[in-house]
């Protein structure tokens, strides 16, 4: 009986999350593509960009994330696996880093792969205005974007969406 209740709750959560995302002209986001070298995030439908945004990366933007604390943004295939409202970075979508390949490499190297990689907004206060961050690579490995852009992405990208991060 407990498994039936768990299945019901999981179905309810999935349906409520799916219904809370928006579409663009009836098209849904099939994939989030991040092009690190271009500092660009694209929302993809039918293999074509629907929307494009400028992003900031980790302080060491070249190369894939190797271990915790290296200030690099990962490269590979991941998923949006959960989301949260952040006091520090406004809205945030969690990326399912490390994937199996990242974990295996880290085990071979004897290092911690790290985690908590997110697509998030930027701080916005008198001391740290949002415009200060927009053109810099300043994160610890996350992908950051302007808050107005993050609000749009938050509404368009459902949990479970594939994320591809390219060099």
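The values are calculated or read from the model by the stated rules, or taken from the named source; none is laboratory data. Because the structure is a prediction, the values reported are computed rather than measured. When we count neighbours, we look across all protein chains shown, and the Cβ atoms used for this are built from the backbone with ideal geometry, even at glycine.
Go through the residues of segment 107-116 one by one and say whether even a single one is surrounded by fewer than 16 Cβ atoms within 10 Å (Cβ to Cβ) and either touching a strand residue (DSSP E or B) at 6+ places or on another chain (Cβ under 6 Å) or under 17 Å from residue 167 (Cβ atoms) (or both). Taking every residue of segment 107-116 in turn, none turns out to be surrounded by fewer than 16 Cβ atoms within 10 Å (Cβ to Cβ) and either touching a strand residue (DSSP E or B) at 6+ places or on another chain (Cβ under 6 Å) or under 17 Å from residue 167 (Cβ atoms) (or both). For segment 129-144, the criterion of a residue being surrounded by fewer than 17 Cβ atoms within 10 Å (Cβ to Cβ), part of a loop (DSSP other than H, G, I, E, B) and free of Cβ contacts under 8 Å to residues at least 24 places away in the same chain is satisfied by at least one position. Remark: residue 152 matches the filter, which requires a residue to be surrounded by fewer than 20 Cβ atoms within 10 Å (Cβ to Cβ) and closer than 23 Å to residue 84 by Cα. Within segment 55-69, the set of residues being more than 26 Å from residue 148 (Cα to Cα) and surrounded by fewer than 17 Cβ atoms within 10 Å (Cβ to Cβ) comprises 62, 63, 64, 67, 68, 69.
Which numbered condition in (1) at pLDDT 95 or above; (2) touching a helix residue (DSSP H, G or I) at 6+ places or on another chain (Cβ under 7 Å) is the only one that residue 22 fails? Just one mismatch for residue 22, condition (1).
If you filter segment 119-128 down to residues that are part of a loop (DSSP other than H, G, I, E, B) and touching a helix residue (DSSP H, G or I) at 6+ places or on another chain (Cβ under 9 Å), you find that the one that is modelled with the lowest pLDDT is 124.
Tell me, please, whether a residue that is within 23 Å of residue 38 (Cα to Cα) and in a loop (DSSP other than H, G, I, E, B) can be found in segment 148-164. Yes. Filtering segment 80-95 for residues that are farther than 20 Å from residue 133 by Cα, over 14 Å from the mean Cα position of the chain (by Cα) and surrounded by fewer than 14 Cβ atoms within 10 Å (Cβ to Cβ) leaves an empty set.
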